[in-house]
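The values are calculated or read from the model by the stated rules, or taken from the named source; none is laboratory data. On a predicted model such as this, the values are computed, not experimentally measured, just so you know. Don't worry about glycine lacking a Cβ; one is built from the backbone with ideal geometry, like all the others, and counts go over all protein chains shown. Note: areas computed on protein heavy atoms with side chains; ligands, DNA, RNA excluded. Shrake-Rupley method; radii C 1.70, N 1.55, O 1.52, S 1.80 Å.
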Amino acid sequence: DITNGLMICADVEKNTSGEICIDGGEGVGRVTQPGLDQPVGAAAINSVPRKMIQEAVESVCRQYHYTEGLMVTISIPKGRETAEKTLNPMLGIVGGLSVLGTTGIVEPMSEKALIDTIAVDIRRHRAQGEDILVMAPGNYGLDYLKAACDIHSEQVIKISNFVGDSIDLAVCEGASGIVLAGHIGKLIKVAGGIMNTHSHQADARMEIMTAYAAMAGAGNGILRQIMSSVTTDAGMEILQQCGLLTETMQLILEKIEAHVKKRAGSQIEIGIIIFSNVFGMLGQTENVPNLFKKMNAAQHKEE
């Protein structure tokens, strides 16, 4: 969490309103799009920290028998520049960081913070009436979707390594469809049932590719070469040379689809796209064009 170690400031001023008001100052972002925890125009200080601040201030007021109003302004001196390294601009939070969480304690390496951010983005897309959600692990997926499918970054939910959690969140928010697009180096892990694709969780890329190459008919020599490859692109080069690339990728695509469908359940339609920066499109499920068509039709209807 890049907020680890940042200075957080609170200015408290008396007034005669009889209420405790909480707002954001320098370095605290402003909400510009619906679907987030706070309404458009409000400081990006979420409900739980607002409640914590409110209760802390009320406690002091009771201690000193103060009954007039107070204005509490939270600021983060380095928040504006730090926010540029976060997903806040994509989420519609401008000018600084969000104040969120449940404890007030930053965990320097927090997976929960990342998943919470993905959840916010999914709710934002759903609040804008988007029933079909497009997801990609990272920038490779965003770049590919823009170049090959004319899907722009603001239409895509960036899910990092959290494939399974993101599917769960989409289902919980009532989405009717998901298009999952990713580089083969990430999504091949899903073909092995791995729903968190970070290397510290599991890295069976070449084992999975070797297994499906065997299903496609590769001989022992080819399989040994693939298994010894360092990258999926190197493995696919071997498959291309022996004429088995297309069939192997199709088998992997089908297995990715099966695992994602199993995770999502029957109430949501799943589309999968796999690609490589070297080999381009490697495969997509038959329903992807129709899912994009439905998505675009809904967006034009909203406009």
Accessible area in the full protein assembly, largest first, 1.4 Å probe, for His183, His65: His65, His183
Could you pull out every one of the lysines with an alpha carbon less than 20 Å from that of Lys14, ignoring same-chain neighbours closer than 8 positions? Lys51
Restricting to Cα pairs under 8 Å and 6 or more apart, the percent relative contact order of the chain works out to 15
Heavy-atom accessible surface of region 122-188: percent carbon and sulfur, 1.4 Å: 45
Distant alpha-carbon pairs in region 102-186 (separation over 22 angstrom), percent: 26
Would you kindly derive the ³J(HN,Hα) couplings of region 18-25 from the backbone phi angles with the Karplus curve 6.51 cos²θ - 1.76 cosθ + 1.60 (θ = phi - 60°), listing them in order in whole Hz, with x for Gly and Pro? x, 10, 9, 9, 10, 9, x, x
With all protein chains in place and a 1.4 Å probe, Arg62 shows an accessible area in Å² (nearest 10) of 150
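Compare the peptides 241-254, 32-45 by average per-residue count of other Cβ atoms within 10 angstrom and give them in order, highest first.
Going from most to least packed, we get 241-254, 32-45.
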What is the log10 of I(q)/I(0) for region 193-303, computed with the Debye formula using one identical point scatterer on each Cα and no solvent, at q = 0.11, 0.13, 0.16, 0.17 Å⁻¹? -0.43, -0.58, -0.81, -0.89
For region 173-247 and region 23-45, write down the distance between their C-alpha centroids in whole Å. 42
Once every DSSP H run of n ≥ 4 in the chain is given -39500 (n - 2.57) and the sum is divided by its residues, what mean residue ellipticity at 222 nm do you get, rounded to the nearest 500 deg cm²/dmol? -13500 deg cm²/dmol
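Restricting to Cα atoms and excluding each atom paired with itself, what does the Kirkwood estimate give for region 109-152 in Å?
11.8
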DSSP bridge orientation in the chain - percent antiparallel, rounded to nearest 5: 40
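In nm², what is the average projected area of the convex hull enclosing the Cα atoms of region 81-130?
Values: hull surface 15.6 nm².
Mean projected area of the Cα convex hull: 3.9 nm².
Is there a quick way to get the dipole size of region 188-269? I mean about its Cα centre, with the Cβ of Lys and Arg at +1 and of Asp and Glu at -1; what is the value in debye to the nearest 20? Could the numbers behind the result be given before it?
Working: 7 positive and 8 negative charges, 51 e Å.
Here region 188-269 has a charge dipole of around 240 debye.
Is the shape of region 239-303 rounded, prolate or oblate, going by the alpha carbon gyration tensor and its root eigenvalues a ≥ b ≥ c, with a/c under 1.5 for rounded and a/b larger than b/c for prolate?
oblate
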Magnitude of the charge dipole, region 88-166, Cβ model with Lys/Arg +1 and Asp/Glu -1, debye to 20: 100
Within 10 Å, at most 15 other Cβ atoms, and a DSSP state outside H, G, I, E, B define an exposed site. Report the longest part of the chain free of exposed chymotrypsin sites (Phe, Trp or Tyr not before Pro). 67-303
Explain nothing, just the number: relative contact order of region 166-281, from Cα pairs under 8 Å at least 6 residues apart, as a whole percent. 40
For the chain, with the dipole built from +1 on Lys and Arg beta-carbon atoms and -1 on Asp and Glu ones, taken about the Cα centre, which of Gly182, Ala44, Gly193 lies farthest toward the positive end? Gly193
What is the sum of charges, Lys and Arg at +1 and Asp and Glu at -1, for the other residues whose Cβ falls under 9 Å from the Cβ of Ile74? -2
What whole-number value in Å² describes the accessible area per residue of region 195-294 for a 1.4 Å probe? 50
With all protein chains present, calculate the accessible area of Met71 using a 1.4 Å probe and round the result to the nearest 10 Å². 60
Using all alpha carbons of the chain, what is the percent of pairwise distances in each 10 Å bin, ordered from the shortest bin to the longest? 6, 24, 27, 20, 13, 7, 3, 1, 0
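Please compute the contact order of region 210-257 in relative form: average sequence separation of alpha-carbon pairs under 8 Å and at least six residues apart, divided by the residue count, as a percent.
42
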Partner lysines whose C-alpha sits under 27 Å from that of Lys146, ignoring same-chain residues fewer than 8 away, are Lys85, Lys158, Lys186, Lys189, Lys255, Lys261, Lys293, Lys294, Lys301
Assign unit charges at the C-beta atoms only (+1 for Lys and Arg, -1 for Asp and Glu), then state the dipole size of the chain relative to its Cα centre in Debye, rounded to the nearest 20. 440
Plugging the Kirkwood radius over Cα pairs into Stokes-Einstein for region 44-181, at a temperature of 20 °C and a viscosity of 1.002 mPa s, what D comes out in µm²/s? 125
